[in-house]
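> Let me begin by handing over the structure; questions about it come next.
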Amino acid sequence: MKLSKMHLKTLREVPNEAEIPSHVLLLRAGMIRKLVSGVYGFMPLGWRSVRKIEDIVRQEMDAAGGQEIHMSAVQPAELWQESGRWNAYGPELWRLKDRNGREFCLGPTHEEIFTDIVRNDISSYRQLPMNLYQIQTKYRDEARPRFGLMRSREFIMKDAYSFDRDYEGLDKSYQEMYDAYDKIFTRCGLTFRPVEADTGAIGGSNSHEFTAISEVGESEIAYCTSCDMAATVERAECKDAAPQTEVEALPLEEVETPGTKTIEDVAAFLKLDKTQTMKALLFVTYDMEGNENGYVAAFVRGDRELNMTKLVNALDIPEHAIEFADEDKMSAATGCVGGFTGPVGLHDCKIVVDSELPGLKNLCAGACKEDHHLLNVNYGRDYEGDIVTDIKTLAEGDPCPVCGAPVKHARGIEVGQVFKLGTKYSDAMGAVYKDENMQSHPIVMGCYGIGVTRTLAAVVEQHHDDNGIIWPMSVAPYHVIITVMKPDDEIQAKVAEDLYEDLCSAGAEVLLDDRKERPGVKFKDADLLGIPIRITVGRGAADGVVEYKMRRDADKTEMAVEESKALALKTIQEEK
């Protein structure tokens with residue numbers, strides 16, 4: 001492709017709304033175009049890279065036994081109501097009605113649609129296992145779209161669904177997809193890590209998130225360098241402090257603690273370590289219609305942080321059905337007191353207690369009385385929980401739940417996730433098969449998603465410098481850019497044109513920058529666009545010499561035209 005004929009508009013200035021490198025560079029390179037907040041279109045160069053990622057996904061999915069189909073993004077409400085997710089999914093579900101008042105949604109995912117296909121088409125065990133997938137535009141009505149393609153309202157996703165006779169078959173399908181994902185993200189040039197993850201609104205049992213390591217990522221992962229433990233912080237289990245079985249429970253004592261509404265304040269006032277205190281967090285929950293459904297008080301050790309995902313899972317409610325309570329309203333209903341709430345004396349609310357608190361003795365907790373705390377609070381004697389489970393966050397430096405070594409934290413971008421759904425959707429929607437004895441069984445399912453456009457952004461996050469993008473060969477919009485210093489110079493133009501034709505004929509994807517622009521402008525655009533190989537045709541053209549440079553390297557080398565062509569083709573073959 002000749003740049004003089006390409007629709008390309010690069011930007012010198014950083015767009016005001018762009019905050020992270022991928023957003024900045026994809027906009028500056030003219031690869032994406034913003035329509036409204038959270039909605040982007042793809043221009044020629046950007047779309048070529050999207051299609052490269054899609055091709056890699058297709059190749060590996062097909063090699064793993066997947067069959068590609070394509071379903072509508074418009075989904076009837078009845079299927080979501082049948083699965084129970086019409087209300088449970090929450091406000092991110094983009095709902096709409098047709099002219100006759102029938103309800104639909106724009107699909108954020110397609111579990112219901114694929115389950116409906118299979119329950120209508122599969123009847124016998126002989127038709128299983130099966131894996132169907134699609135690459136399609138998805139929609140989520142994000143409250144705060146941000147970071148360009150990272151969290152947008154419209155995005156391209158590959159979603160696959162496996163259907164098996166039993167859980168042994170699901171384990172095999174899950175591993176096949178896990179291995180395929182490893183190959184896909186490796187081929188895309190990403191540094192990534194699979195970690196255990198929460199299943200969220202998709203549901204099911206086990207799940208792994210494929211996380212591209214990046215400081216701008218919204219996923220936080222906890223991992224151990226002494227063993228294989230790795231999980232999102234939302235999912236990571238915590239090791240409870242050792243139970244204080246040898247400590248004697250002391251008498252309950254109320255003390256005055258004026259103005260000490262925080263754990264730090266009360267610990268300092270009473271000269272206690274924060275591990276000797278108990279922290280309360282107060283919430284209100286809602287039913288499916290959005291009506292208040294009761295209060296919740298969650299308790300963790302004073303130095304711990306509450307893990308909201310674990311709390312939501314413990315309560316078995318959707319994430320959108322809980323928020324921090326209005327303390328005055330909750331006080332009137334339950335007896336809590338903002339800043340001085342403890343578990344003793346609370347009423348008419350669900351009490352959720354972190355799993356390590358019952359083993360600890362003589363803790364300090366709020367007295368549910370302004371400016372007062374209780375000393376020597378003990379589980380069983382002074383209070384009990386409606387739910388007792390792990391609801392704390394695994395902090396950096398905490399002991400690994402597997403081996404006990406200190407854990408580390410890192411940030412990353414979720415580019416894919418795999419789930420063991422089990423029979424969640426087949427039970428709800430009646431997707432069954434008959435075995436050899438004509439007995440009916442629910443089909444056992446898995447689902448597997450890859451954010452194609454998010455993967456594009458993740459690649460840019462990991463592959464850029466101050467001058468622009470540095471594309472891996474496998475997903476670069478073009479392999480080579482030939483930069484002509486003086487397009488009006490007949491010799492330079494002829495050498496560049498011949499080199500362009502030869503490389504294209506050999507299967508390379510080549511941009512020819514034949515624009516009548518200053519050399520400085522061309523070099524800046526070449527760096528910004530990030531094409532892996534740059535061949536510059538300049539004053540040495542008369543002697544058959546060009547300049548060869550890899551975008552990722554600082555060095556450039558003069559060589560014969562034929563040598564540059566051979567080296568470019570060899571490099572493309574090795575790296576794509």
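The values are calculated or read from the model by the stated rules, or taken from the named source; none is laboratory data. Bear in mind that the values here come from a model prediction, so they are computed numbers and not experimental data. Counting neighbours? That spans all protein chains shown, and the Cβs are built from the backbone with ideal geometry, glycine included.
> All but one of (1) surrounded by fewer than 23 Cβ atoms within 10 Å (Cβ to Cβ); (2) of a type in the set (A, V, I, L, M); (3) outside any loop (DSSP other than H, G, I, E, B); (4) at pLDDT 95 or above hold for residue 184, so report the exception by its number.
That leaves (1) as the condition not met.
Every residue, every condition in (1) modelled with pLDDT of 95 or more; (2) assigned to a loop (DSSP other than H, G, I, E, B); (3) not assigned by TED's automatic domain parsing to the domain that holds residue 261, yes or no:
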residue: 328; (1), (2), (3): no, no, no
residue: 338; (1), (2), (3): no, yes, no
residue: 344; (1), (2), (3): yes, yes, no
residue: 352; (1), (2), (3): yes, no, no
residue: 364; (1), (2), (3): yes, no, no
residue: 376; (1), (2), (3): yes, no, no
residue: 385; (1), (2), (3): yes, yes, no
residue: 415; (1), (2), (3): yes, no, yes
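> Return a yes/no flag: does region 160-168 have any residue that is in contact with a strand residue (DSSP E or B) (Cβ under 8 Å, 6 or more places away or on another chain), surrounded by fewer than 24 Cβ atoms within 10 Å (Cβ to Cβ) and not in a loop (DSSP other than H, G, I, E, B).
If we filter region 160-168 for residues that are in contact with a strand residue (DSSP E or B) (Cβ under 8 Å, 6 or more places away or on another chain), which is where we start, we get 160-167.
Adding the requirement that they be surrounded by fewer than 24 Cβ atoms within 10 Å (Cβ to Cβ) leaves 164-167.
Subsequent filtering for residues that are not in a loop (DSSP other than H, G, I, E, B) retains 164, 167.
Yes - at least one qualifying residue is present in region 160-168.
> Would you mind finding the one in 395, 428 that is surrounded by fewer than 21 Cβ atoms within 10 Å (Cβ to Cβ), outside the structural domain of residue 213 (by TED's automatic domain parsing) and more than 27 Å from residue 250 (Cβ to Cβ)? Don't jump to the end; show me each part of the working.
Working: 428 fails: outside the structural domain of residue 213 (by TED's automatic domain parsing).
Exactly one of 395, 428 is surrounded by fewer than 21 Cβ atoms within 10 Å (Cβ to Cβ), outside the structural domain of residue 213 (by TED's automatic domain parsing) and more than 27 Å from residue 250 (Cβ to Cβ), namely 395.
> If the requirement is being of a type in the set (Gly, Ala, Ser) and within 30 Å of residue 58 (Cβ to Cβ), which of these qualifies: 538, 530? Outline the logic, then answer.
Details: 538 fails: within 30 Å of residue 58 (Cβ to Cβ).
Sole residue among the options that is of a type in the set (Gly, Ala, Ser) and within 30 Å of residue 58 (Cβ to Cβ): 530.
> Give region 11-23 a look and list any residue that's under 22 Å from residue 455 (Cα atoms) and either of a type in the set (S, T, N, Q) or without any contact (Cβ under 8 Å) to a residue 12 or more places away in the chain (or both), or say none.
Hit for region 11-23 is 22, nothing else.
> Test each condition in (1) touching a residue at least 40 places away in the same chain (Cβ under 8 Å); (2) part of a helix (DSSP H, G or I) for residue 447 and report the one that comes out false.
(2)
> Now a separate question. Within region 1-120, considering only strands (runs of 3 or more DSSP E) that don't extend past its boundaries, which have at least 2 residues that are more than 30 Å from residue 527 (Cβ to Cβ) and either in contact with a strand residue (DSSP E or B) (Cβ under 9 Å, 6 or more places away or on another chain) or among the hydrophobic types (A, V, I, L, M, F, W, C) (or both)? Before you say what the answer is, go through the steps one by one.
Working: elements: 32-36, 39-42, 74-76, 94-97, 103-106.
Ranges flagged: 74-76, 94-97, 103-106.
> Something else now. Mind checking which residues of region 499-522 are surrounded by 18 or more Cβ atoms within 10 Å (Cβ to Cβ) and over 17 Å from residue 572 (Cβ atoms)?
Selection gives 513, 514, 515, 522.
> For region 11-28, which residues satisfy the criterion of being surrounded by fewer than 24 Cβ atoms within 10 Å (Cβ to Cβ) and of a type in the set (A, V, I, L, M, F, W, C)? Break it down into steps so the answer makes sense when it comes.
So the first thing to find is which residues in region 11-28 are surrounded by fewer than 24 Cβ atoms within 10 Å (Cβ to Cβ), and the list is 11-21, 24, 27-28.
Matches in region 11-28: 11, 14, 18, 20, 24, 27.
> Out of curiosity, is residue 530 on the phi > 0 side of the Ramachandran plot, in contact with a Phe, Trp or Tyr (Cβ under 9 Å, 6 or more places away or on another chain) and small (Gly, Ala, Ser)?
yes
> Restricting region 347-365 to residues that are over 12 Å from residue 301 (Cβ atoms) and under 38 Å from the mean Cα position of the chain (by Cα), which is surrounded by the fewest Cβ atoms within 10 Å (Cβ to Cβ)? Reasoning before the result, please.
If we filter region 347-365 for residues that are over 12 Å from residue 301 (Cβ atoms), which is where we start, we get 347-352, 361-362.
Cutting the leftovers down to under 38 Å from the mean Cα position of the chain (by Cα) gives us 348-352.
Values: 348: 10, 349: 21, 350: 18, 351: 20, 352: 23.
The residue in question is 348.
> Still on this structure: Taking region 261-273 only, how many residues are at pLDDT 95 or above, in a loop (DSSP other than H, G, I, E, B) and more than 14 Å from residue 303 (Cβ to Cβ)?
The qualifying residues number 1.
> Among the residues of region 418-460, how many are in contact with a Pro (Cβ under 8 Å, 6 or more places away or on another chain) and under 30 Å from residue 551 (Cα atoms)?
Taking region 418-460 first, the residues in contact with a Pro (Cβ under 8 Å, 6 or more places away or on another chain) are 423, 426-427, 431-432, 459-460.
From what's left, under 30 Å from residue 551 (Cα atoms): 459-460.
Going through region 418-460 one residue at a time, the tally reaches 2.
> Of all the residues that make up region 558-576, how many are of a type outside the set (Val, Ile, Thr) and buried (at least 16 other Cβ atoms within 10 Å of the Cβ)? Even if it seems obvious, please write down each step before you answer.
Pass one, region 558-576, residues of a type outside the set (Val, Ile, Thr): 558-560, 562-570, 573-576.
Filter once more, so that each one left must be buried (at least 16 other Cβ atoms within 10 Å of the Cβ): 559, 564-565, 567-569, 576.
Residues meeting the conditions: 7.
> Residue check: is residue 427 acidic (Asp, Glu) and in contact (Cβ under 8 Å) with a residue 24 or more places away in the chain?
Details: acidic (Asp, Glu): yes; in contact (Cβ under 8 Å) with a residue 24 or more places away in the chain: no.
Against the criterion (acidic (Asp, Glu) and in contact (Cβ under 8 Å) with a residue 24 or more places away in the chain), residue 427 does not qualify.
> Select from region 61-86 the residues that are at pLDDT below 95 and within 23 Å of the chain's Cα centre (by Cα) and write down the one among them that is surrounded by the fewest Cβ atoms within 10 Å (Cβ to Cβ).
Filtering first and then ranking leaves 86.
Each row is one residue, and each column tells you yes or no for (1) touching a strand residue (DSSP E or B) at 6+ places or on another chain (Cβ under 7 Å); (2) in contact (Cβ under 8 Å) with a residue 60 or more places away in the chain; (3) more than 30 Å from residue 192 (Cβ to Cβ).
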| site | (1), (2), (3) |
| --- | --- |
| 472 | no, yes, no |
| 475 | no, yes, no |
| 518 | no, no, yes |
| 526 | yes, no, no |
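> Also, quick follow-up: Kindly indicate which of 194, 251 is surrounded by fewer than 21 Cβ atoms within 10 Å (Cβ to Cβ), free of Cβ contacts under 8 Å to residues at least 40 places away in the same chain and touching a strand residue (DSSP E or B) at 6+ places or on another chain (Cβ under 7 Å). Spell out how you get there, then give the answer.
Working: 251 fails: free of Cβ contacts under 8 Å to residues at least 40 places away in the same chain.
Answer to the selection: 194.
> Report the residue count in region 364-396 for those that are without any contact (Cβ under 8 Å) to a residue 40 or more places away in the chain and within 30 Å of residue 410 (Cα to Cα).
1
> Scanning for something farther than 21 Å from residue 344 by Cβ and either in contact with a His (Cβ under 6 Å, 6 or more places away or on another chain) or at pLDDT 95 or above (or both), does region 287-298 turn up at least one residue? Break it down stepwise before answering.
Our first condition is that a residue be farther than 21 Å from residue 344 by Cβ; within region 287-298, this holds for 287-293.
Filter once more, so that each one left must be either in contact with a His (Cβ under 6 Å, 6 or more places away or on another chain) or at pLDDT 95 or above (or both): none.
Taking every residue of region 287-298 in turn, none turns out to be farther than 21 Å from residue 344 by Cβ and either in contact with a His (Cβ under 6 Å, 6 or more places away or on another chain) or at pLDDT 95 or above (or both).
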